[in-house]
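S.K.: Below are the structure tokens for one structure; questions will follow.
The values are calculated or read from the model by the stated rules, or taken from the named source; none is laboratory data. Since the structure is predicted, the reported quantities are computational estimates derived from the model, not experimental observations. Quick reminder, even Gly has a Cβ in these numbers, built from the backbone with ideal geometry, and neighbours come from all protein chains shown. Accessible surface areas use protein heavy atoms only, side chains included; no ligands, DNA or RNA. Shrake-Rupley method; radii C 1.70, N 1.55, O 1.52, S 1.80 Å.
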Amino acid sequence: FLAVGFYDGTILILDSTTLETIPGGEFSHAKALITQLAFSHDSIFLAATDLDDTTTLIKRTSDSEHEWSYIGRNKAHYKSIVNIIFGIALDSNVPRLLTFGNG
């Protein structure tokens with residue numbers, strides 16, 4: 001998969017071979033410019049940050065690449081988000097989302 005973020009907050013999930021948008025792979029929940037995108041190690045989760053200092057989480061809901069769903073948005077930082085990464089829990093293979101703020 002390939003993800004692209006736009007100035008208007010739209011996120012597209014693309015097929016990495018054809019570069020076409022995957023059906024159901026367009027999300028317009030953010031209203032500000034997307035600044036960062038990150039996939040989890042297993043490509044099940046996609047996280048995005050925007051200029052409103054908000055994080056959006058999207059999940060692949062089945063093994064079918066065409067089934068992605070919006071999980072939600074969270075504003076946990078009062079200053080800009082400088083980095084977003086997925087880690088892995090030490091005792092399992094479960095992805096953990098980490099965001100780092102400025103200041």
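S.K.: Please compute the Kirkwood hydrodynamic radius of the chain from all pairs of different C-alpha atoms, in Å with one decimal.
M.R.: Numbers: mean 1/r = 0.0718 Å⁻¹.
Evaluated over the chain, this radius sits at 13.9 Å.
S.K.: Where the accessible area of the chain is counted over protein heavy atoms with a 1.4 Å probe, how much of it, in %, is carbon and sulfur?
M.R.: Details: 3190 of 6020 Å².
Answer for the chain is 53 percent, counting heavy atoms of protein chains only.
S.K.: How high is the relative contact order of the chain, in percent, counting Cα pairs under 8 Å that sit 6 or more residues apart?
M.R.: Values: 227 pairs, mean separation 19.3, N = 103.
Result for the chain is 19 percent.
S.K.: Which peptide among 8-18, 48-58 comes first, and what is the full order, when sorted by highest mean count of other Cβ atoms within 10 Å?
M.R.: On the way: 8-18: 14.9, 48-58: 20.3.
Highest mean packing first, the order is 48-58, 8-18.
S.K.: Output ³J(HN,Hα) for the stretch 38-52: one whole-Hz value per residue in order, computed from phi by the Karplus curve 6.51 cos²θ - 1.76 cosθ + 1.60 with θ = phi - 60°, and x for Gly and Pro.
M.R.: Whole-Hz 3J(HN,Hα) from phi for the stretch 38-52: 8, 9, 6, 4, 9, 6, 8, 10, 10, 10, 9, 10, 9, 5, 7.
S.K.: Ordered by packing density, taken as the mean number of other Cβ atoms within 10 Å over each peptide's residues, highest first, how do 86-97, 27-38 rank? Mind showing how you got there, number by number?
M.R.: On the way: 86-97: 11.3, 27-38: 16.8.
Order by mean packing, descending: 27-38, 86-97.
S.K.: Another question, if that's okay. Between the stretch 24-103 and the stretch 1-17, what is the separation of their alpha carbon centroids in Å?
M.R.: The distance from the Cα centre of the stretch 24-103 to that of the stretch 1-17 comes to 13 Å.
S.K.: Using a probe radius of 1.4 Å on heavy atoms only, what accessible surface per residue do you get for the chain? Whole Å² is fine.
M.R.: Values: 6020 Å² over 103 residues.
Per residue, the chain has 58 Å² of solvent-accessible surface.
S.K.: Tell me which residues come under 5 Å, amide H to amide H, from Thr61 once H is placed; ignore anything under 5 positions away on its chain.
M.R.: Here the answer is Glu67, Trp68, Ser69, since their amide H atoms fall under 5 Å of that of Thr61.
S.K.: With a sphere of radius 12 Å drawn around the Cβ of Phe6, what net charge do the other residues whose Cβ falls strictly inside it have (Lys, Arg +1; Asp, Glu -1)? Mind showing how you got there, number by number?
M.R.: Numbers: positive: Lys31; negative: Asp8, Glu26, Asp50.
Here the count lands on -2.
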